[in-house]
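Have a look at the structure below before the remarks.
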Amino acid sequence: MLMQACSPTRTRGFTLIELLVVVLIIGLLTTGATLMLSGGGPRKDLHDSIEQFVGVAHQVSDLSILTGEPMGLVLTPPLWSEQAVDQRSWQYRWRRFVEMPDGNGNYRFDWLEVEGLEPIALNKEIELFVHLEGSEWDWEANPPSDEPVFVLYPSGEAEPLMFEIEFAHKEASLEPQHVLLDRSGHLEWKEALDDQQAREARFE
């Protein structure tokens, strides 16, 4: 009995960039779950929220460089939320700017969700004050929008160049904390960096 020769089938492997994107998405999911697993008092809630926000921003920045897609930060104030009044809080999410076919042979650009990254809701006791180009974002004077207020580009640039978020807790004894855009194009927690630099200076 003759055995038929089987032609070898070609399998397509993953590229390095595809693997890195998967790793980054897993990192985003892990970072997003961190706050849900943590507990504690007002100070810990505030600091955990900032650490999570900055951690996700760093992951998204790396993802932008790998994919070549701009990433936009969408902020949703409590009054814009569709949740029940007693459950409303500040939320944020990142979206990616991609080229999409429109079905007529043309292409259009649109903001789409980042796969695997759900909107993140802050503790109801935390308030945000957003500053764009030195002026506070007057969201109350604008209709609800899904458009990003801040964009990270694959080149490492960002828009607007002057961007800052003040995280404040309704617990009056807690000092507000600030996340701002540094010279390298990353969002950083100012007070945490100041503390770190002060500790390092003591050991020099």
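The values are calculated or read from the model by the stated rules, or taken from the named source; none is laboratory data. Note that the coordinates shown come from a computational prediction; the quantities given were computed from them, not determined experimentally. Virtual Cβ from ideal backbone geometry, glycine too; neighbours counted across all protein chains shown.
Of all residues in the stretch 158-174, those satisfying the criterion of being of a type in the set (D, E, K, R) and modelled with pLDDT of 95 or more are E159, E164, E166.
Of all residues in the stretch 130-145, those being assigned to a loop (DSSP other than H, G, I, E, B) and exposed (fewer than 12 other Cβ atoms within 10 Å of the Cβ) number 6. Select, from M162, M100, the only residue that is touching a Gly at 6+ places or on another chain (Cβ under 6 Å), at negative phi and surrounded by fewer than 16 Cβ atoms within 10 Å (Cβ to Cβ). Within the list M162, M100, the selection yields M162. Being more than 8 Å from the chain's Cα centre (by Cα), part of a helix (DSSP H, G or I) and either within 18 Å of L128 (Cβ to Cβ) or of a type outside the set (S, T, N, Q) (or both) is a property that holds for L66. Conditions: (1) more than 15 Å from the chain's Cα centre (by Cα); (2) among the charged types (D, E, K, R); (3) farther than 23 Å from D195 by Cβ; (4) buried (at least 16 other Cβ atoms within 10 Å of the Cβ). R95 meets all but one. Number of the miss? Against the list (1) more than 15 Å from the chain's Cα centre (by Cα); (2) among the charged types (D, E, K, R); (3) farther than 23 Å from D195 by Cβ; (4) buried (at least 16 other Cβ atoms within 10 Å of the Cβ), R95 comes up short only on (1). P148 meets the conditions (1) over 19 Å from E51 (Cβ atoms); (2) in contact with a strand residue (DSSP E or B) (Cβ under 9 Å, 6 or more places away or on another chain); (3) touching a residue at least 24 places away in the same chain (Cβ under 8 Å); (4) surrounded by fewer than 17 Cβ atoms within 10 Å (Cβ to Cβ) in every case but one. The failed one is (4). Are any residues in the stretch 64-78 more than 27 Å from E140 (Cα to Cα) and either among the hydroxyl-bearing types (S, T, Y) or out of contact with any Gly (no Cβ under 9 Å at 6 or more places or on another chain) (or both), and if so, which ones? Scanning the stretch 64-78 gives S64, L66, T67, G68, E69.
For first residues located in the stretch 182-200 and on the phi < 0 side of the Ramachandran plot and touching a residue at least 60 places away in the same chain (Cβ under 8 Å), partners that are outside any helix (DSSP H, G or I) and acidic (D, E) and lie 6+ apart or on another chain with Cβ distances below 7 Å form the pairs E188/D182. Look at the stretch 167-179: where a residue is of a type in the set (A, V, I, L, M) and a partner is in a loop (DSSP other than H, G, I, E, B) and surrounded by 12 or more Cβ atoms within 10 Å (Cβ to Cβ), sitting 6+ places away or on another chain with Cβ atoms under 7 Å, you get A168/P176.
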